[in-house]
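Reviewing the structure listed below.
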Amino acid sequence: MNWDYSYQYRDNFIYNLHPGIVLLLCTNFLIWCLIFSHPFYLASLLLANGMLLISAGHLKTWYLYLKFSLFMSAVIIVINLFFSSAGTTTLLELTLWEGNTLKASWEALMYGLGMSLRLMVAISSFALFTLAVDPDQLLAWVGRFGTRTALVATSSLRIIPMMIEDYRRITEVQKCRGVRFNHRSIKKRIKSYWPVMGSMLLSSLERSMIMAESLYNRGYGLKPRTNMQLLRWQSGDYLVLISTLTGVVVAVLAQWQQWSSYSYYPVLEQVDSMEILPALVLLLLFALPAIINWGWEKWPQLRSTT
Amino acid sequence: MAAIKVDNLTYQYANSSFPALQSINLEVQAGEFVLLAGGSGSGKTSLLRAINGAIPHYYAGFIKGEVYLDNQAVSSLDHRQRVQTAGLLHQDAESQLVMNSVAAEIAFGMENMGMPLKIMRRRLTELNSALNLTRDNHKRTADLSAGQKQRVALAALLAMQPKILLLDEPTSQVDPVAAEEILTIIRRLNEDTGITVIMAEQRLERCLHLADRFIVMENGQIKGDFKNADNMARWAIENNCPFVPPVPRVFALAGHPSIPVTVKEGRQLLRGLRTFTNVAEHKDDLSVIKPISSDYIVEINKVSYTYPHGSKALRQIDFKLPAQAVTALIGDNGAGKTTLLKHVIGLIKPDRGKVTVIGRDTRYLDVEDLASDVGYLSQQPDDYLFLPTVREEISFSRRKLGRGEAETEEQLIHRLGLLEYLECNPRDLSTGQRQRVALASILISQPEILLLDEPTRGMDYNLKAELGEILKGLVQNGVTVLLVSHDNEFIAEYADEVALMAAGEVIAQGPTSEILSGSLYYAPQVNRLFNGLYEQEVLTIGQGVELLQKYRVRSKE
């Protein structure tokens, strides 16, 4: 059973941060990756997010998430390469039949790469959220503002690894029923996953019915609700909060000055060195928890103060 | 004053065409331990839901009659009062857990009730000690074993301090050791705290001796209500009701005047019979188990396997599977039984060594290549079921495996008793019926080898007997069966050979009687009953009855 995809406490700085701070970091990465279009800025977000994941002890899992996003990235790049006609620098020209050609431009390729980078940041921020946010603490914290929403969020986090396990198990039994998942034809391959998806969906629905009854039997929905988890803000949380908010100010400035914007079409825009500097500052500010974690592991004094 | 009073209760689920409960009348006194026996779909779960108020507050439907808890109608209690009065524990521990860590799970109900922090912490500490969860407190619930999960779910329920504990087959999904632990805890709670317990259970051999009262349900009605187990056993035998554990069943079927409940009581009774040991001279008269074939259909040579996360599952294993026989793999959780099974179907390839299935080396074969010759039924039959009707589900396998005729399909449907459910959605069927659909979808390709992983989990006596007869029939038709099970009674009745596994090794392999007989842990109840009192190994209920009847005849002479 691969439970590496879900939260499991580890004794390091990232895991000892307040869930609200980790949630802020994840949301921050997600929002800015949607706003930025400059590949340098997107790369700095990916690097910072990756540093947090690696320092939290999840290099291997991050790699698996990226591997998953590579397939989707390849689809984005190929579609963009051959179906976008806005680029002017021809990279490749294919004659399909008389009078019909398929043109691939350098700009379209770079745009596809930029979009892939954006996707990787989004997926990495999701990875950070699922791996480093304790669902129970999140419920305790967010529950003050809206228990139902918080419970949906925490249940979802808990269900992801259960569904991964369901997928593994159901794929195995369907193979034993003669279902082949290694067809050369993509159409047949997609079709072969129907039994897996069907079983997973039905099992999830049945499970949700039992879970709902269990919630009812345990008094869910009664008011007022209390919390056993005591969440205290530590000095480390304030430090990361300040660095992240400073990063947000720098990001707003970069966006306002249009340093973080980039135009791929009709020709690739020249990169100014002034544009790169804020990206480096952002990398430093957003990756600060990873840097503190390095010191946290080295010096016990820092551990007790943060 | 009765703690629970059910007054002429009839209930029908909104989406059902027949009532789940019919004219139920029942009174349970405070502090009683009531055992609710009955097959799948007999109405046990619905009755528990009605007592805790989930019916009709959570489940819509037609209801007539009333349930009273401490003289107050459940329909008049608010949600908080209902939760505080009666807590219900489900059989599926996994699905009823909602939080990530053990501590948060236990605290969840208390938090919902708005309890102060001090009380919550105190109760958490007490429950950790009482249910032996202190070391697991910071673990993820997902990482726990089925038994641990059930203990956590029980702790979460007890944290709310209900006056009545309703347990819906709490041990059906766990191994025998964990089941024993859970039942001991429940018994202790009942004795020490006076909490009223109503426990629905199908495997009565584990818990018959724990209860003060026994209720048998069938088709949504109470068929029998008994103050002691021997009366229930006698009644059940007379009424052809399957809910009698092996020890009382042997005595009742043999027509013995006294019906013991436990092995200890049974042995005392047998010792008290002065002429009992005299029957030793008649040992050859007892039914003898058939000899096992010396042809082997699967050969596993020096196989080692380590999972990617590092746990060593198999260590230099040698194992031979005799053809046309039922072989059972037994052993603790983590002994490597399921891993061995997956090597036979080719789902796992050995790191070292060789697995030969019907003369073919699995290292060079895909699972799909073996699928038509080797059928595999996993622990969860639901994993097979995704189509809207039973017929389509069975036909799907036939199409995929490219084997099996339409004629075979019809025969199989008849043999597995699925004819009346052909147009039903498999997910609407009971546990046993679902398993039979999954089994049919495998048997349609007429495999030479059938692999079953914990096939009797969650099954009642009837369903187990049905499955056992199906397996016997398959073996007679030339099929080889390899099954993994913790159900010693089932193995004793239906397996020809047993392999005992521990820490990734086969510790012993041989005829069932040789491995199970006299075993401290794996011996079935019937064997424990006669062990040492009679020279030949007695394993099955049939052998036990035969022996007792012979003795009775001799006593009369």
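The values are calculated or read from the model by the stated rules, or taken from the named source; none is laboratory data. Keep in mind the model is a prediction, meaning the values are calculated, not measured. Cβ atoms come from the backbone with ideal geometry, glycine included; neighbour counts cover every protein chain shown. Keep in mind that these areas ignore ligands, DNA and RNA; they rest on the heavy atoms of the full protein, side chains included. Shrake-Rupley method; radii C 1.70, N 1.55, O 1.52, S 1.80 Å.
So what is the 222 nm mean residue ellipticity for chain A from helices alone, if each DSSP H run of at least 4 adds -39500 (n - 2.57) and you divide by all residues, rounding to the nearest 500 deg cm²/dmol?
Counting only the DSSP helices, I get -23000 deg cm²/dmol.
Under the Karplus relation 6.51 cos²θ - 1.76 cosθ + 1.60, θ = phi - 60°, what is the ordered set of whole-Hz ³J(HN,Hα) values for the range B:136-153, x standing for Gly and Pro?
Here the 3J(HN,Hα) series is 9, 3, 9, 6, 6, 4, 5, 8, 7, 6, 4, x, 5, 4, 5, 5, 5, 4 Hz.
For chain B, find the longest principal axis of its Cα atoms and tell me its angle to the long axis of helix B:102-112, 0 to 90°, nearest 10.
For B:102-112 against chain B, the angle is about 30 degrees.
Please work out the C-alpha center-to-center distance from the range A:192-211 to the range A:97-127 and express it in whole Å.
Comparing the Cα centres of the range A:192-211 and the range A:97-127, I get a distance of 34 Å.
Using a Förster radius of 30 Å, what is the FRET efficiency between B:THR389 and A:ARG168 based on their Cβ-Cβ separation? Nearest 0.05, please.
0.65
What fraction of the DSSP beta bridges in the protein assembly as shown is antiparallel, stated in percent and rounded to the nearest 5?
55 percent
Once you charge only the Cβ atoms, +1 for Lys and Arg and -1 for Asp and Glu, what is the size of the charge dipole of the range A:20-166 about its Cα centre, to the nearest 20 debye?
The dipole of the range A:20-166 has a size of about 320 debye.
What percentage of the solvent-accessible surface of the range B:296-522, computed with a 1.4 Å probe over protein heavy atoms, is contributed by carbon and sulfur atoms?
That share works out to 45 percent.
Would you pull out the residues with amide H under 5 Å of B:GLN29's amide H, same chain only if 5 or more places away, H placed 1.01 Å from N?
Excluding prolines and chain starts, which carry no amide H, the hits are B:ALA3.
Computed from the mean reciprocal separation of all distinct C-alpha pairs, what Kirkwood hydrodynamic radius does the range B:2-240 have, in Å?
It is 18.3 Å.
With a point put 7 Å past each Cα toward its Cβ, work out how far A:GLU269 is from B:CYS424 in nm, to one decimal.
The two pseudo-label positions are separated by 6.6 nm.
How high is the FRET efficiency from B:MET1 to B:ARG399, r the C-beta distance, R0 56 Å, rounded to 0.05?
Efficiency at R0 = 56 Å is approximately 0.35.
Rounded to the nearest 0.05, what FRET efficiency do A:TRP256 and A:VAL152 have when you use their Cβ-Cβ distance and R0 = 25 Å?
E between A:TRP256 and A:VAL152, to the nearest 0.05, is 0.10.
Ordering B:LYS227, A:LYS223, A:LYS67 by how much accessible area each has at a 1.4 Å probe, largest first, what is the list?
Output order, biggest surface exposure first: A:LYS223, B:LYS227, A:LYS67.
Sorted by average packing, counted as other Cβ atoms within 10 angstrom per residue and highest first, what order do B:200-211, A:112-123 take?
With the highest mean Cβ count within 10 Å placed first, the list reads B:200-211, A:112-123.
Using a simple charge model, +1 on the beta-carbon of Lys and Arg, -1 on the beta-carbon of Asp and Glu, nothing else, what dipole does the range B:2-240 show about its Cα centre, in debye to the nearest 20?
Result for the range B:2-240 is approximately 540 debye, rounded to the nearest 20.
Quick one: pull the percent of accessible area on the range A:145-217 belonging to carbon and sulfur, 1.4 Å probe, ligands and nucleic acids left out.
Looking at the range A:145-217 in its full context, I get 69 percent from C and S.
Inside 10 Å of the C-beta atoms of B:367-374, what's the mean count of C-beta atoms belonging to other chains?
Per-residue shielding by partner chains comes out at 4.
Taking the Cα centre of the range B:296-522 as origin, work out the dipole magnitude from +1 charges on Lys and Arg Cβ and -1 charges on Asp and Glu Cβ, in debye rounded to 20.
So the dipole magnitude of the range B:296-522 works out to roughly 780 debye.
The range A:215-305: which trypsin sites (Lys or Arg not before Pro) are DSSP loop and have at most 15 other beta-carbon atoms within 10 angstrom?
A:ARG232
Run through every distinct alpha carbon pair of the range B:292-390 and return the Kirkwood hydrodynamic radius in angstroms, one decimal place.
14.7 Å
Take every DSSP beta bridge with both residues inside chain B and express the antiparallel ones as a percent of the total, to the nearest 5.
Just about 55 percent of them are antiparallel.
Given a 1.4 Å probe and heavy atoms of the protein chains only, how would you sort B:HIS486, A:HIS183, largest accessible area at the top?
Ranking B:HIS486, A:HIS183 by accessible area, largest first, yields A:HIS183, B:HIS486.
Taking H placed 1.01 Å from N in the peptide plane, check which residues at least 5 places from B:LYS223 or on another chain put their amide H under 5 Å from its amide H.
HN-HN under 5 Å from B:LYS223: B:VAL216, B:MET217, B:GLU218.
By per-residue mean of other Cβ atoms within 10 Å, what is the highest-first order of A:270-281, A:247-258?
A:247-258, A:270-281
So for chain A, averaging the separation of alpha carbon pairs under 8 Å that are six or more residues apart and normalising by length, what relative contact order in percent results?
31 percent
Per-residue ellipticity at 222 nm for chain B, helices alone: DSSP H runs ≥ 4 residues times -39500 (n - 2.57), over residue total, nearest 500 deg cm²/dmol?
Here the helix-only value at 222 nm equals -11000 deg cm²/dmol.
Have a look at A:MET163, A:VAL173, A:SER192 and report the one farthest towards the positive end of the charge dipole of the range A:145-217, computed about the Cα centre with Cβ charges (Lys/Arg +1, Asp/Glu -1).
Farthest towards the positive pole: A:SER192.
Per residue of B:76-84, how many C-beta atoms from partner chains lie within 10 Å of its own C-beta, taken as a mean?
If you average over the peptide's residues, the count of other-chain Cβ atoms is 2.
Please state the relative contact order of the range A:145-217 as a whole percent: Cα pairs under 8 Å, 6+ residues apart?
Relative contact order, the range A:145-217: 28 percent.
Taking H as built 1.01 Å from N, whose amide H comes closer than 5 Å to the amide H of B:TYR376, not counting residues under 5 places away?
B:LEU451
Looking at B:LEU452, B:THR512, B:LEU439, which one has the Cα that reaches farthest to the positive end of the dipole of the range B:425-536 (charges on Cβ: Lys, Arg +1; Asp, Glu -1)?
It is B:LEU439.
Have a look at the DSSP beta bridges in the range B:393-542 and tell me what percent are antiparallel, nearest 5.
In the range B:393-542, DSSP labels about 50 percent of beta bridges as antiparallel.
Using a cut-off of 17 Å between alpha-carbon atoms, which lysines can reach A:LYS187, once sequence neighbours fewer than 8 places away in the same chain are excluded?
Candidates past the 8-residue exclusion: B:LYS400.
Enter the Cα centre distance for the pair the range B:7-64 and the range A:13-51, rounded to the nearest angstrom.
53 Å
Relative to the present Cα-Cα distance, how much length would full extension add between A:LEU284 and A:LEU239 at 0.36 nm per residue of separation?
Here the segment from A:LEU284 to A:LEU239 would lengthen by 14.9 nm.
With N residues in the range B:426-470, what two-decimal value do you get for its Cα radius of gyration over 2.2 N^0.38 Å?
In units of the 2.2 N^0.38 Å rule of thumb, it is 1.15.
In Å, what Rg and Dmax follow from the Cα atoms of the range B:296-522?
Cα only, the range B:296-522: 17.1, 48 Å (Rg, Dmax).
Hey, could you pull the Cα Rg and Dmax for chain B, both in Å?
24.8, 73
Hey, can you rank A:35-41, B:257-263, B:75-81 by average C-beta count inside 10 Å, highest first?
The most tightly packed comes first, giving A:35-41, B:257-263, B:75-81.
Could you pull the accessible area for A:TYR193 with a 1.4 Å probe, rounded to 10 Å²?
Using a 1.4 Å probe on the heavy atoms, I get roughly 60 Å².
Return one whole number: the accessible area per residue of chain B in Å², for a 1.4 Å probe.
Per residue, chain B has an accessible area of 39 Å².
For q values of 0.05, 0.07, 0.08 Å⁻¹, compute log₁₀ I(q)/I(0) with the Debye formula on a Cα-only model of the protein assembly as shown, without solvent.
Debye output, listed in q order: -0.35, -0.67, -0.86.
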